[in-house]
Amino acid sequence: MQLTPPVVFFSLLLLACPATAQQTFSYGQDVTLPTYGTRGADHATVAVNSYGDSFVAYHCAFASGRHMVEGMAIASIGSNQFETGANWHFALGNQSLGLIGDDSCIKPDVVSLPDGSFAVSWTRQDISHVNPARIEMCQIVMRDSAGVLLFAPQVIAPQPGVGFIIDPSFDATDSGGMVDLLDLEDGTIAAVYAHQTNRVIDPLSNDTWRDYDLRFVHVDLSLNPSDPNFASAPIALISGIPFDNPGRHAPVGGQVLPDIVLDDYSNLVLAYEEFWHDGHAGISGPNLGRIVVRRFSSFLSAAPLTEINANYFTRNSARAQRRPNLSSSRFDSKNVVTLAWGHDEIWYSADKILTREINYQGSTASIKNLYWANSNIFEDKLPTSVCGANSTRLTLATREYHSFNALIVATSVPQQMIQMPTAVAYPLRPSAALLEVPNGGGGINQCLYTTYEGADTQNTADFLIHLIVRQLR
């Protein structure tokens with residue numbers, strides 16, 4: 001890989017914790033990842049490359065309330081073995097630098113690239129929201145051009161703890177930004193995230209009405225960051241997305257929450273939340289909460305980012321539909337993406353999970369339900385969808401029992417709910433990536449990389465990130 005100034009190419013040794021021995025593990029082992037924070041780690045996301053190496057990005061918390069983005073690289077070393085260690089753990093978004101005020105670096109996303117490297121992006125924001133937020137990105141290199149594993153992963157970034165700026169100024173405010181990355185399969189990346197354009201609070205009801213754009217930035221990591229084509233100017237891919245908070249039963253956490261994948265023809269499939277509450281823009285009417293999935297023509301097509309079709313999903317439009325997650329596979333026999341999302345029930349009912357298969361045929365789509373058996377007593381929440389070759393359709397989510405949580409995996413063929421063993425009593429927020437490799441005999445070998453956060457207590461200050469790699473059969 002050719003690098004030219006002002007890119008800095010530095011070893012993770014500069015950012016490592018006190019040295020510890022390398023850790024080797026195999027399938028099914030629950031591995032706890034370290035953190036630089038003092039108040040826990042959460043919001044992990046995982047990506048896997050064609051070699052079987054993985055990268056987990058997450059953020060950690062401090063007593064100040066600020067967050068820092070960190071990550072862990074895990075190498076596939078053959079013979080069903082994986083290796084990591086202190087020199088493979090590093091800080092990406094350093095909150096102590098005060099670059100835009102009282103910095104907090106939050107909620108990263110990671111994606112693998114065709115050359116085996118990884119790109120990580122996150123939001124750097126001012127906790128007080130006095131200054132605009134910005135989106136940063138860096139690249140993680142684990143192997144050389146011949147595919148040989150490096151002694152320690154390397155980071156391509158301007159300096160330790162700071163990423164390249166791909167949007168210097170946007171309004172994250174209530175949404176948190178929530179960047180999601182997409183490998184466009186030509187060495188370039190798309191970043192999609194929420195930009196708040198309007199916010200009104202009713203002083204009587206305490207209702208909050210908001211409007212968002214979903215911004216799109218195209219990033220070419222093969223170019224020098226000083227090149228004007230390194231990162232495109234942000235465009236509003238979708239505008240006027242409502243996400244409101246009623247004074248009562250207000251949704252919590254990030255908002256709009258875009259998730260984006262490619263279909264089999266390199267079209268972009270984008271899911272996001274919208275919730276229109278009575279009184280928005282001075283208009284009275286029933287609430288409308290739904291997940292929207294829009295498909296756009298390939299970024300490299302003659303008419304890039306032209307909308308092809310849209311589908312809408314809800315369980316109860318009077319309530320917010322939350323946290324959509326998409327998955328797709330090039331080894332599937334149909335042009336399918338799968339979708340999972342959560343439904344916020346009112347206080348006396350357990351939250352639910354919904355999951356669907358969307359089969360695209362030309363400019364149309366057919367929809368079918370996938371399997372998840374909701375509990376009528378216990379909360380089911382924070383789902384992740386996995387789509388793989390043939391009939392692999394998985395939904396991973398958390399079920400909250402009275403004295404412990406269970407990390408549940410639902411399969412659609414056969415229909416079953418399986419509790420995944422975890423090292424802690426209160427696992428939460430799974431993420432997953434599926435490695436699919438042709439086995440030479442006409443079949444596909446599948447390996448599932450899963451992360452979760454949690455501890456043996458429900459105190460989030462105790463939470464750490466866990467990784468489990470499993471071979472699917």
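For first residues located in segment 189-204 and free of Cβ contacts under 8 Å to residues at least 12 places away in the same chain, partners that are assigned to a strand (DSSP E or B) and surrounded by fewer than 23 Cβ atoms within 10 Å (Cβ to Cβ) and lie 6+ apart or on another chain with Cβ distances below 6 Å form the pairs 200/209; 201/208. When segment 161-187 is filtered for residues that are of a type in the set (Val, Ile, Thr) and either surrounded by fewer than 18 Cβ atoms within 10 Å (Cβ to Cβ) or under 14 Å from the mean Cα position of the chain (by Cα) (or both), the ones remaining, listed by number, are 165, 179.
For segment 362-389, a tally of residues being crowded, with 19+ Cβ neighbours inside 10 Å, among the small types (Gly, Ala, Ser) and outside any strand (DSSP E or B) returns 1.
In segment 322-339, the residues that are within 17 Å of residue 433 (Cβ to Cβ) and open to solvent by less than 20 Å² (accessible area, probe 1.4 Å) form Cβ pairs under 9 Å with partners that are among the polar types (S, T, N, Q) and at pLDDT below 95, at six or more places apart or across chains, as follows: 332/390.
Strands (runs of 3 or more DSSP E) fully within segment 290-361 that include at least 2 residues being polar (S, T, N, Q) and under 18 Å from residue 190 (Cα atoms): 321-328. Regarding residue 237, is this residue part of a strand (DSSP E or B), open to solvent by less than 40 Å² (accessible area, probe 1.4 Å) and touching a Phe, Trp or Tyr at 6+ places or on another chain (Cβ under 7 Å)? Here the answer is yes, as residue 237 does meet what is asked.
The residues of segment 245-266 that are in contact with a Phe, Trp or Tyr (Cβ under 8 Å, 6 or more places away or on another chain), modelled with pLDDT of 95 or more, over 24 Å from residue 165 (Cβ atoms) and open to solvent by less than 20 Å² (accessible area, probe 1.4 Å) amount to a single one, 263. If you go through segment 140-148 one residue at a time, do you hit one that is modelled with pLDDT of 95 or more, within 21 Å of the chain's Cα centre (by Cα), of a type in the set (A, V, I, L, M) and outside any strand (DSSP E or B)? No, segment 140-148 contains no residue that is modelled with pLDDT of 95 or more, within 21 Å of the chain's Cα centre (by Cα), of a type in the set (A, V, I, L, M) and outside any strand (DSSP E or B).
Of all residues in segment 150-209, those satisfying the criterion of being assigned to a strand (DSSP E or B) and of a type in the set (S, T, N, Q) are 154, 159, 169, 188, 196, 197, 198, 208. Only one of the numbered conditions (1) closer than 25 Å to residue 71 by Cα; (2) outside any loop (DSSP other than H, G, I, E, B); (3) hydroxyl-bearing (Ser, Thr, Tyr) is not met by residue 411, and that is (1). Could you check segment 44-61 and list, in sequence order, the residues that are in a loop (DSSP other than H, G, I, E, B) and either open to solvent by less than 10 Å² (accessible area, probe 1.4 Å) or touching a helix residue (DSSP H, G or I) at 6+ places or on another chain (Cβ under 7 Å) (or both)? Correct list: 49, 52, 53.
Do we have residue 38 as more than 30 Å from residue 458 (Cβ to Cβ), surrounded by fewer than 15 Cβ atoms within 10 Å (Cβ to Cβ) and at pLDDT 95 or above here? So residue 38 fails the test.
The values are calculated or read from the model by the stated rules, or taken from the named source; none is laboratory data. Because the structure is predicted, anything quoted here is derived from the model rather than measured. As a convention, Cβ positions derive from the backbone with ideal geometry for all residues, glycine included, and neighbour counts pool all protein chains shown. SASA here: full protein model, heavy atoms, side chains in, ligands and nucleic acids out. Shrake-Rupley method; radii C 1.70, N 1.55, O 1.52, S 1.80 Å.
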